[in-house]
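*Asks:* One structure coming up, written as structure tokens, with questions to follow.
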Amino acid sequence: MSQVELRSMWKIYPRGNVVGVKDLSFTIRNEEFLAILGPSGGGKSSTLRMLAGLEEITRGELAFDGTVVNHLGPAERNIALAFESYALYQRLSVYENIAFPLRARGMKQAAVAQKVRWIAELLDLEPLLDKYPGSLAGGQQQRVSLARAFVRQPKLTLLDEPISHMDQRLRAEVRARIRHLHEEMHNTTVYVTHDQAEAVSLCDRMVILHQAQLQQIGTVEEIWHRPANRFVASFVGEPAMNLLPARLRDRTTVVLPEVDHESALSFRGELDPGAHAEVTIGIRPQEIGVLRAAGVANTLPCIVRLLEFQGENTILTVTTDGPAQHTLKVAVAASEANAVGERVFLQVRPESIHLFEGDRPVLRRALAG
Amino acid sequence: MAEVKLESVTKLYGRKKAVDGVSVTCKEGEFLSIFGPTGAGKSTILKMIAGIEEITSGTIRFNGRVVNDLPPQERNVSMAFESYNLYPHMKVYDNVAFPLRAPRWGLRLEPAEERRRVKEIADFLGIGELLERLPQHLSGGQKQRVSLARALVRRPEVYLLDEPIAHLDARLKFSTQSLLKEFASKYGSTIVYVTHDYREALALSHRIVVLRRGTIEQEGTPEEVFHTPRTDFVGRLIGEPPMNLIDGDAATRDGEAWFQVGDRFGLPIRGPRAEAMRAVTRTEQGKPVARLGIRPENIRVSRARPGPAAFQLPVYAVVQEAQSTVVTFELPGTFFYARTRQEIGSADYRVGEPLWIDLDPEKIFFFPRTVALSTKA
């Protein structure tokens, strides 16, 4: 439970002078659930390890509640770590594994017992307390690991490694449990993952790291509707945002060259006064309507090339009419029953359009709601 | 391309039955998925089709011809293994080209033609830049795509793909899945595909065989398996979060069928659903009991009471998705998930807050109990 500030933090690995993290500044708010998201090699692990005290901070400051902790070791920082990098102690019982962080802080026997019973009940671990980790199923071990991380209120709870490799049933359960514990305990929680769906599902806000640098920090809503750059726009969301070359016709309309005699799409939002004519239009697959007849404004004529049934949804792969033959992905309700080869008209609402010039967004969009 | 037919195929390892009397046909040009949890016997079936594993009993036919006794190299199949099985001393190029050089198929390609084919499939799968590297210098995801390229470079009678995209990260998995589907439809290939991931099975297949402990639990199109699961096992294997399963008493109240869950809630069950409930009702400890199944998408949650059949539970957790929110509730021994379609960022339900829950009566299933309910195992 604390506010954690990263102030111009750098990690430079002396071997080969590799920059792990470059001038990183952001604040983790008290009791917040923050996800650190990015592709591998983007700087997530370096950041996590510096937060945990497992890695020296090359330059800059790390402060917990205003106190600089750069020189404190992992134990002195009062943090809890969970998941793969901190395995369970195989020679201790489940009870002792959960009690370990409490005992390490000198808690009295009776208080330890009370705390362990309390978290065991919350995570349905009571029948397992006398067992040893080796005899537990994967999901049970996961819960013991969570119990150990959440049994006390550290300054910061760090959850490392994604849960995306669990089976779908366990994943749904563990997500719910993590979110529940976070709120019950009022912890400040940081969750590190490369899986954007995982980050979206759990966090209040997310930090996106790429090429050792902060790309954006914000709520899921902000990141979804106002991505700071093209990388963020295409990294968050599955299927990823469709990006196509376009040309500004005026302050409210773009045309798509070589798409059915230059299809025009009107957009809404504040256009950057300095924007040039050549732009990239971004449209999320989840925000496209599929019509079967022409004659409606803001549509692109397309042919359906591929259908991928997902249960509730179907993902369509379509190509645009005209010489450019751009490929787009569209998520539709499965009940739509489209067919391969079918002609469709993609309808894009003016408020769903993103525009980029190079890497930079040039259209400031309203947040929904 | 060939039709592959399994007739009562059984595989014993010692006394353990890995595959038990499986009969299934993969038609010519069909994409058939064998789908099930770990240990169901999926890979064993694929290996028997490939000829790598012997068949204990039963028959396998390619286009009507029995192949039981044909060694692997005499069966015209291409296989991708989950474990990649790349040749460590060969560059990626030579690994991919290997099947083109096998004397048995007598392709005798000119080097330029071989290069064209290897390059084509490598570029298609996004590994065109890796051809000069050795496998040891590749990431797991890259190795897996090399293994897939090696399987797809040749046009055999049947492709046998064992979890070929399981080790790719989420983004690459989805894009490679689309490529596989494109490949299959372009060449009209016969593909038998093994996966434990319901998304892949639904997205790729013409038909799905759901395997459970060596036997077929259900066989059907992706739509059939999704919309009309035959058992609780199949229902729970599909969807994230999976289908909710709830045990309750099959009661009668004022002459009306009623599904009662302890003192937490009760639901009137009408029309054909009442018949379905009666059909699966069993007596346990003197009480008639049934199991109800409903997908998270078919449950509405709200702060105001939506109707007479709605009931209240406190929120256990709220989890966001790109286009929806999953609200989790706790029931004895299990969790209960509801998905509400919402604009991103608009969910503000709090943990512990009581919400009204309304099940879509048209979307309720009743099943005999064949799986242990507790996820808390």
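Since every read-out is calculated from the coordinates, none of them should be taken as a lab result. Remember, it's a predicted structure, so these values are computed and weren't measured experimentally. Neighbour counts are summed over all protein chains in view; Cβ atoms, including those assigned to glycine, are modelled from backbone coordinates with ideal geometry.
*Asks:* Rounded, prolate or oblate, given the Cα gyration tensor of chain B, with a/c below 1.5 counting as rounded? Walk me through the intermediate numbers first.
*Replies:* Working: a/c = 2.96, a/b = 1.81, b/c = 1.63.
It is prolate, given that a/c is not under 1.5 and a/b is the larger ratio.
*Asks:* Sticking with this structure for a sec: Have a look at B:ARG295, B:ARG339, B:ARG303 and tell me which one the Gaussian network model of chain B (Cα, springs below 10 Å) gives the largest fluctuation.
*Replies:* Judging by the Gaussian network model, the answer is B:ARG303.
*Asks:* Relative contact order for chain A: what percent, with Cα pairs under 8 Å and sequence separation of 6 or more?
*Replies:* On the way: 782 pairs, mean separation 57.6, N = 369.
After rounding, I find 16 percent.
*Asks:* Select from B:LEU131, B:LEU107, B:LEU32 the residue whose mean-square fluctuation is largest in a Gaussian network model of chain B (Cα-Cα springs shorter than 10 Å).
*Replies:* B:LEU107
*Asks:* For labels at B:HIS227 and B:GLU182 in the simple 7 Å Cα→Cβ model, what's the distance in nm?
*Replies:* Once both label points are built, they end up 2.9 nm from each other.
*Asks:* Among A:LEU51, A:LEU248, A:LEU159, which one shows the highest mean-square fluctuation when chain A is modelled as a Gaussian network with alpha-carbon springs under 10 Å?
*Replies:* Its mean-square fluctuation being the largest, the pick is A:LEU248.
*Asks:* Also, quick follow-up: May I ask you to derive the FRET efficiency for A:ARG268 and A:ALA333 from their Cβ-Cβ distance with R0 = 35 Å, giving the value to the nearest 0.05? Walk me through the intermediate numbers first.
*Replies:* Working: r = 25 Å, r/R0 = 0.70.
Working from the Cβ atoms, E equals 0.90.
*Asks:* To continue, here is another question. I need the shape label for the range B:38-181. Rule: rounded when a/c is under 1.5, else prolate if a/b > b/c, else oblate, with a, b, c from the alpha carbon gyration tensor. Before the final figure, lay out the partial values.
*Replies:* Working: a/c = 2.01, a/b = 1.31, b/c = 1.53.
Here the range B:38-181 falls in the oblate category.
*Asks:* Counting other C-beta atoms within 10 Å, which of B:VAL192, B:VAL153 has the fewest, and how do the rest follow?
*Replies:* B:VAL153, B:VAL192
*Asks:* Roughly how many debye, to the nearest 20, is the charge dipole of the range B:88-200 about its Cα centre, given +1 on each Lys and Arg Cβ, -1 on each Asp and Glu Cβ, and no other charges? Numbers along the way, then the final one.
*Replies:* Numbers: 19 positive and 15 negative charges, 41 e Å.
That gives a dipole near 200 debye.
*Asks:* For a test of understanding, tell me how many lysine pairs in chain A have Cα atoms under 19 Å apart, given they are 8 or more places apart or on different chains.
*Replies:* Values: A:LYS11/A:LYS22; A:LYS11/A:LYS44; A:LYS22/A:LYS44; A:LYS115/A:LYS131; A:LYS115/A:LYS155.
So the count works out to 5.
*Asks:* Given q = 0.09, 0.11, 0.18 Å⁻¹, what are the Debye log10 I(q)/I(0) values for the range B:245-354, with equal point scatterers placed on the Cα positions and solvent ignored?
*Replies:* Once normalised to I(0) and log-transformed, intensities are -0.28, -0.41, -0.95.
*Asks:* Turning to a different aspect of this structure: With +1 on each Lys and Arg Cβ and -1 on each Asp and Glu Cβ, how big is the dipole of chain B about its Cα centre, in debye rounded to the nearest 20?
*Replies:* Numbers: 53 positive and 47 negative charges, 112 e Å.
Dipole magnitude for chain B comes out near 540 debye.
*Asks:* Quick check on the range A:1-103: take the gyration tensor over C-alpha atoms, sort the square-rooted eigenvalues as a ≥ b ≥ c, and tell me if it's rounded (a/c under 1.5), prolate or oblate.
*Replies:* Details: a/c = 1.94, a/b = 1.50, b/c = 1.29.
The shape class here is prolate.
*Asks:* Check the straight Cα-Cα distances from B:LYS5 and name the lysines below 18 Å, setting aside those fewer than 8 residues away within the same chain.
*Replies:* Counting by Cα, and skipping residues close in sequence, B:LYS5 has these lysines nearby: B:LYS27, B:LYS42, B:LYS47.
*Asks:* When all alpha-carbon pairs of the protein assembly as shown are counted, what percent fall beyond 47 Å? Please report the intermediate quantities before stating the final value.
*Replies:* Working: 68369 of 277885 pairs.
That fraction is 25 percent.
*Asks:* May I ask you to evaluate 6.51 cos²θ - 1.76 cosθ + 1.60, the Karplus curve with θ = phi - 60°, for each residue of the range A:122-135 and list the ³J(HN,Hα) values in order in whole Hz, giving x for glycine and proline?
*Replies:* 5, 10, 6, 9, 3, x, 9, 4, 8, 7, 10, x, x, 8
*Asks:* Now for a different question. So if I place +1 on the C-beta of Lys and Arg and -1 on the C-beta of Asp and Glu, and nothing else carries charge, what would the dipole magnitude of the range B:269-351 be about its Cα centre? I want it in debye, nearest 20.
*Replies:* Details: 13 positive and 7 negative charges, 77 e Å.
So the dipole magnitude of the range B:269-351 works out to roughly 380 debye.
*Asks:* Could you tell me the distance between the Cα centroids of the range B:267-322 and the range A:185-222, to the nearest Å?
*Replies:* Rounded to whole Å, the Cα centres lie 35 Å apart.
*Asks:* Taking N as the number of residues in the range A:254-341, what is its alpha-carbon radius of gyration divided by 2.2 N^0.38 Å? Display every interim value, and only then the final one.
*Replies:* Values: Rg = 14.3 Å, N = 88, 2.2 N^0.38 = 12.1 Å.
After normalising by residue count via 2.2 N^0.38 Å, the value is 1.19.
*Asks:* If you count, for every residue in B:336-342, the Cβ atoms of partner chains within 10 Å of its Cβ, what is the mean?
*Replies:* 1
*Asks:* Averaged across A:173-183, how many Cβ atoms of other chains sit within 10 Å of each residue's Cβ atom? Display every interim value, and only then the final one.
*Replies:* Working: counts 9, 0, 7, 12, 4, 2, 8, 9, 2, 2, 7.
Partner Cβ neighbours, averaged per residue: 6.
*Asks:* Evaluate the relative contact order of chain B (contact order divided by residue number), counting alpha-carbon pairs under 8 angstrom at least 6 apart; express in whole percent.
*Replies:* Working: 764 pairs, mean separation 56.7, N = 377.
Averaging sequence separation for qualifying contacts and normalising by length gives 15 percent for chain B.
*Asks:* For the modelled label position 7 Å from the Cα of A:ASP204 along Cα-to-Cβ, which residues of the range A:6-35 have backbone nitrogen atoms closer than 14 Å?
*Replies:* Counting backbone N atoms under 14 Å from the label point, the list is A:27-35.
*Asks:* Using Cβ counts within 10 Å as a stand-in for footprinting exposure, how do B:TYR13, A:TYR95, B:TYR159 rank, fewest first?
*Replies:* Working: B:TYR13 11, A:TYR95 19, B:TYR159 26.
Ascending number of Cβ neighbours within 10 Å: B:TYR13, A:TYR95, B:TYR159.
*Asks:* Return the FRET efficiency for the residue pair A:TYR132, A:GLN211: r is the Cβ-Cβ distance, R0 is 60 Å, and the value is rounded to the nearest 0.05. Please report the intermediate quantities before stating the final value.
*Replies:* Working: r = 43 Å, r/R0 = 0.72.
Once rounded, the FRET efficiency stands at 0.85.
*Asks:* Between the alpha-carbon centers of the range A:15-44 and the range B:144-212, tell me the distance in whole angstrom.
*Replies:* 35 Å
*Asks:* According to the Kirkwood expression over distinct Cα-Cα pairs, how big is the hydrodynamic radius of chain A, in Å?
*Replies:* Details: mean 1/r = 0.0433 Å⁻¹.
For chain A, the Kirkwood estimate is 23.1 Å.
*Asks:* Something else: Per the helix-only calculation at 222 nm, which mean residue ellipticity applies to the protein assembly as shown, given -39500 (n - 2.57) for every DSSP H run of n ≥ 4 and division by its residues, nearest 500 deg cm²/dmol? Before the final figure, lay out the partial values.
*Replies:* Working: 17 runs with 177 residues, N = 746.
It lands at -7000 deg cm²/dmol.
*Asks:* Another question, if that's okay. Rg to Rh ratio, the range B:40-86, alpha-carbon atoms and Kirkwood radius? Let's see the in-between values first.
*Replies:* Working: Rg = 11.0 Å, Rh = 11.4 Å.
Ratio of gyration radius to Kirkwood radius for the range B:40-86: 0.96.
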